[in-house]
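Student: After the structure tokens below, expect a handful of questions from me.
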Amino acid sequence: MPTIRNDDKVRIDLDLEHGQVISTWGRSIRSEEYRLALWHIHDIIRDNHLVLWLSDTRSMGAILHSDEKWSIDVFMPEIIKLGLRRVAVVRGQDYFTHTATERMVDATSEVASFKVELFADPDEAERWLLKEQEAFA
């Protein structure tokens, strides 16, 4: 599984066999870094026709309200157009990140054609994605 990016902000792995991108957030990052990283993930999904996304936010830190709103209003409509089928989000224990992630997942679930689920464990999230992928094979 090739690693597309690996720095202190985010690691992005590409699993072409399963049509999946895996983003593992490394720390709290500034708005510009957050948004650029999400656009990078968007482009990877688009360019590789991926259908699954696992986002591990356990180490992400707090998400600013402006970034949460941007994610819902700007980013999600664009990601919805790409044909994703499933998104699994591994949430952290940080209260602010946890609640912001939950709000973004809820907002996405209302408008997206794909399933979005929250998980506490990355292995459980991975199993859910791959099980769902088998249903489409």
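The values are calculated or read from the model by the stated rules, or taken from the named source; none is laboratory data. Bear in mind the structure is a predicted one, so any value in this text is a computation, not a measurement. Virtual Cβ from ideal backbone geometry, glycine too; neighbours counted across all protein chains shown. Calculation scope for accessible area: heavy atoms of the full protein, side chains included, ligands and nucleic acids excluded. Shrake-Rupley method; radii C 1.70, N 1.55, O 1.52, S 1.80 Å.
Student: Which of (1) modelled with pLDDT of 90 or more; (2) of a type outside the set (Gly, Ala, Ser); (3) part of a helix (DSSP H, G or I); (4) farther than 17 Å from Glu17 by Cα is the odd one out, the single condition Leu82 does not satisfy?
Tutor: In the conditions (1) modelled with pLDDT of 90 or more; (2) of a type outside the set (Gly, Ala, Ser); (3) part of a helix (DSSP H, G or I); (4) farther than 17 Å from Glu17 by Cα, Leu82 misses (3) alone.
Student: Could I ask something else about it? Keeping to the range 1-26, report how many residues are touching a strand residue (DSSP E or B) at 6+ places or on another chain (Cβ under 9 Å) and within 25 Å of Ser66 (Cβ to Cβ).
Tutor: 10
Results for (1) among the hydrophobic types (A, V, I, L, M, F, W, C); (2) free of Cβ contacts under 8 Å to residues at least 24 places away in the same chain; (3) open to solvent by 20 Å² or more (accessible area, probe 1.4 Å), shown as yes or no for each residue.
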position: Thr3; (1), (2), (3): no, yes, yes
position: Lys9; (1), (2), (3): no, no, yes
position: Ile12; (1), (2), (3): yes, no, no
position: His18; (1), (2), (3): no, no, yes
position: Ser23; (1), (2), (3): no, no, no
position: Glu32; (1), (2), (3): no, yes, yes
position: Leu36; (1), (2), (3): yes, yes, yes
position: Ile41; (1), (2), (3): yes, no, no
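Student: Follow-up question, since we're still on this one. Quick one: is Arg5 part of a strand (DSSP E or B) and over 15 Å from Pro122 (Cβ atoms)?
Tutor: yes
Student: Here is a further query. What is the number of the single condition among (1) open to solvent by less than 60 Å² (accessible area, probe 1.4 Å); (2) modelled with pLDDT of 85 or more that His98 does not meet?
Tutor: (2)
Student: Spot the failing condition for Ile63; the list is (1) crowded, with 20+ Cβ neighbours inside 10 Å; (2) hydrophobic (A, V, I, L, M, F, W, C); (3) modelled with pLDDT of 90 or more, and only one is missed.
Tutor: Only one criterion is unmet by Ile63, namely (3).
Student: If you check His18 against the conditions, is it in a loop (DSSP other than H, G, I, E, B) and either closer than 23 Å to Lys115 by Cα or modelled with pLDDT under 90 (or both)?
Tutor: yes
Student: Does the range 71-78 contain at least one residue that is under 22 Å from Lys115 (Cα atoms), assigned to a loop (DSSP other than H, G, I, E, B) and touching a residue at least 12 places away in the same chain (Cβ under 8 Å)?
Tutor: no
Student: Here is a further query. Before we move on, is Leu50 closer than 20 Å to Glu117 by Cβ and open to solvent by less than 20 Å² (accessible area, probe 1.4 Å)?
Tutor: So Leu50 passes the test.
Student: Which of the residues spanning the range 29-56 are in a loop (DSSP other than H, G, I, E, B) and within 22 Å of Gly83 (Cα to Cα)?
Tutor: Passing the criteria: His49, Leu50, Val51.
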